[in-house]
Protein chains: 2
Amino acid sequence: MAVHGARSRSGGRPTLEEVAARAGVGRGTVSRVINGSPRVSDATRAAVEAAVAELGYVPNTAARALAANRTDAIALVVPEPETRFFAEPYFSDMLRGVGAALSETEMQLLLIFAGSDRERARLAQYLAAHRVDGVLLVSVHADDPLPDLLAQLEIPAVISGRRSADETLPSVDSDNFGGGRFAVEHLIAQGRRTIAHLAGRLDVFGAQRRVDGYRAALREAGHEVDERLVVAGDFTEEGGRRAMKELLAVRPDLDAVFAGSDVMAAGARQVLREAGRRIPDDVALVGYDDSAIARHMDPPLTSVRQPIEDMGRAMLDLLMDEIADRRPAASRGLERRQLVLPTELVARQSS
Amino acid sequence: MAVHGARSRSGGRPTLEEVAARAGVGRGTVSRVINGSPRVSDATRAAVEAAVAELGYVPNTAARALAANRTDAIALVVPEPETRFFAEPYFSDMLRGVGAALSETEMQLLLIFAGSDRERARLAQYLAAHRVDGVLLVSVHADDPLPDLLAQLEIPAVISGRRSADETLPSVDSDNFGGGRFAVEHLIAQGRRTIAHLAGRLDVFGAQRRVDGYRAALREAGHEVDERLVVAGDFTEEGGRRAMKELLAVRPDLDAVFAGSDVMAAGARQVLREAGRRIPDDVALVGYDDSAIARHMDPPLTSVRQPIEDMGRAMLDLLMDEIADRRPAASRGLERRQLVLPTELVARQSS
DNA sequence: ATCACCTGTGGGAGCGCTCCCACAGTACCT
DNA sequence: AGGTACTGTGGGAGCGCTCCCACAGGTGAT
């Protein structure tokens, strides 16, 4: 038994018990001080804090998680093939926002990719094991089974964007409708008459809303909406090229293009240039996302900016609320749990 | 005591004990099966596996961590203000490599930013609490105290790049010397005579090595090295502009520029264009990193590519080895623990 | 003085695993 | 026949916390 008593497997780190002995109090009292309980006298608290400092005590997370049945960790789940995700600043900005908000808490962040089937299976294991207290879901498609899995496991989750107009999960979205409208209003104000729209994937709700905004702006300005001017790309550069060629074939007289992403705008620019159209002289071009590509394009691309960092921050705040208020979910409405943040136009030389 | 017996705080998830009862074996045997011990008969193993499947058993990570004193988690620590990091594809590619390698293990990945002092303090807490089994260090400066802290806490770590020629940590680097040399050899092959170098921060070892490669290529080709042609930037666009102006003032006859990063090349391009130099006709331009910016620049930028994804993968492999082989560190040499991966030139229209 | 009720505190029990000792059973030697 | 050495198995002890019950000592009403 001496063997057991002496093994000290945790690398000699002090335990609660040792802190308690040092401070001359009981284990429970130290626990109370560590966890900020008010039911401790000032003198005792000071003594414990001194002992903690002297010993360099740091709580053992695993023991705490086991005893309290929580993990103090949340996951940011990216259900995309990672490639697309990193191509745009969307992800990094969001991560920055989350990170900033996170640093005000004791939570830690796990980054989980769930692009491949294999990664999906791993994720399901993680969640089933309740290794996180909550989940941030980024860029989820309408038919993704993940939200259902989360609901079934009763794991709090917040989604970025909405899957449809009647999203059921707590969510943080940006004003895609407004973004589309701003872009088109701007082009109209510049005197453009024939404005095309390179839409994103229409099964993405946000992309759909941008189209709605495009149409609304045209109508409000008294322009008629020619549906041939709306061609769906798939958010990629190649998709942008393809759609732009189609557009040019159908309406060679167009004098402005609003693309649903900067990457698609980059594809469109190539095609326009090859067709001998000057930007912005012959055709004005507006992108979406305000990414690095927009700033470095030639000419620099006018683009619609979403406050992605703020969205990340807001998502974390919402999630923390979800985790904290574990009352029966039905007792609260969705009103306060769905945010829509504003978008803005960043004008550059392409329009 | 009925109260305690019935509380089932883990949300009704099955425990090892329950699996054991179901399979008609002891706790230890189930543990052996779960952990892949060979000391279990085939029949028993099958019975346990059946019970695991029927019950949907998933091990409790916290309990395992507590009992075994390991966490099955590693951290990717980014000691940079996040901003710079995401601006380049470096980070995302590395993360992709790490992620790919990770999916072959049971480990989970924590992403930790340690840019601000506040974040640093948090990180120190994490590490002191041994919340991870190992650390991947990305983009560490020569004078960073982090590696020492890690060594002191005896936490395995692998670093990307080297802090100096005699790096002590296990590391994965790319061939910066070769990269610099390829760029300059390429320019010489194109018939360029006066080749300038926009260097990065010279306190970054990799940037220094690129300069060495630049000099070596010139010498090997019998060119003389004019030190006025080497100006240090700071990896930023603004730094690129500043350095390019300086270069143009000192040697207006230059006909090629090798920039230590694509972002600096973008800055240089602006200045060159303002000075009326055509690219590549008057001045050839080569960047470094082969980032998205390179592909979208006008004209598309020739750039040196590092196999960053492979580096990420290699870093994880090394780290797993470090975690596994916990023999006295002195018993192994550094030879097998420092990798240098090749770089290659991606030629485009700017040269 | 008696009771009720606070505040502050100590410590037992338990979280779900892993580790390891003990031991039954079998196989192979001398 | 008796040893020796495996292989496979069960289960006690323990990891370091949190939760919560028990209780001491004080305060104020009766």
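The values are calculated or read from the model by the stated rules, or taken from the named source; none is laboratory data. All of these numbers come straight from a predicted model, not from anything done at the bench. Virtual Cβ from ideal backbone geometry, glycine too; neighbours counted across all protein chains shown. Only protein heavy atoms, including side chains, enter the accessible area calculation; ligands, DNA and RNA are left aside. Shrake-Rupley method; radii C 1.70, N 1.55, O 1.52, S 1.80 Å.
Below is a table of values for the structure above.
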read-out	value
For region B:10-68, accessible area per residue (1.4 Å probe, heavy atoms of protein chains only), Å²	54 Å²
For the protein assembly as shown, share of DSSP beta bridges that run antiparallel, in % to the nearest 5	10 percent
Accessible solvent surface per residue of region A:176-305, calculated while the other protein chains remain in place, 1.4 angstrom probe, Å²	37 Å²
Compactness of region A:2-68, expressed as Rg and Dmax over alpha-carbon positions, Å	12.6, 40
Residues in region A:32-61 that, when all protein chains are in place, have 30 Å² or more less accessible area than the chain alone would give (probe 1.4 Å)	A:58, A:61
Qualifying trypsin sites (Lys or Arg not before Pro) in region A:11-61, DSSP loop, other Cβ atoms within 10 Å at most 11	A:39
Cα-derived Rg to Rh of the protein assembly as shown, Kirkwood definition	1.01
Descending semi-axes in Å of region B:198-351, equivalent ellipsoid built from Cα gyration tensor	35, 17, 13
Threshold 40 Å², region A:275-303 residues less accessible with all protein chains present than alone (1.4 Å probe)	A:293, A:296, A:298
Other-copy label distances relative to residue A:164, 7 angstrom Cα-Cβ extension, nm	6.3
Contact order relative to length of region A:161-281, as percent, for alpha carbon pairs under 8 angstrom and 6 or more apart	27 percent
Directionally averaged shadow of chain B, computed from the convex hull of its alpha-carbon atoms, nm²	23.2 nm²
Charge dipole magnitude, Cβ of K and R +1, D and E -1 - region B:10-68, Cα centre, debye nearest 20	180 debye
Range in chain B, longest, excluding exposed GluC sites (Glu not before Pro) [loop by DSSP; at most 13 other beta-carbon atoms within 10 Å]	B:225-351
7 Å along Cα→Cβ, label-point gaps from residue A:298 to other copies, nm, shortest first	0.7
MRE, 222 nm, helices only [DSSP H, n ≥ 4, -39500 (n - 2.57), over the protein assembly as shown, to nearest 500]	-14000 deg cm²/dmol
With all protein chains modelled, accessible area of residue B:235 [1.4 Å, Å²]	30 Å²
Trypsin sites (Lys or Arg not before Pro) within region A:80-183: DSSP coil, no more than 10 neighbouring Cβ in 10 Å	none
Efficiency of FRET from Cβ geometry, residue A:143 and residue B:46, R₀ 41 Å, rounded to 0.05	0.65
Buried area at the A-B interface (accessible, heavy atoms, 1.4 Å probe, summed, Å²)	4300 Å²
Relative contact order [Cα under 8 Å, 6+ residues apart], chain A, whole percent	17 percent
Residues losing 40 Å² or more accessible surface upon assembly, region B:113-133, compared with the chain by itself, 1.4 Å	B:118, B:122, B:129, B:131
Using a 7 Å Cα-to-Cβ projection, residue B:324 label spacings across copies, nm, ascending	4.5
Spherically averaged projected area in nm², based on the convex hull that wraps the Cα atoms of region A:136-179	3.1 nm²
Positive dipole terminus of region A:48-186, leading residue within A:73, A:142, A:160 (C-beta point charges)	A:73
Rel. contact order, % - alpha carbon contacts under 8 angstrom, at least six apart, region A:2-68	36 percent
Magnitude of the charge dipole, the protein assembly as shown, Cβ model with Lys/Arg +1 and Asp/Glu -1, debye to 20	1320 debye
The protein assembly as shown, accessible surface, carbon-and-sulfur percent (1.4 angstrom probe)	49 percent
FRET efficiency, 1/(1 + (r/R0)^6) with R0 30 Å, evaluated for residue A:125 and residue B:68 via beta carbons	0.95
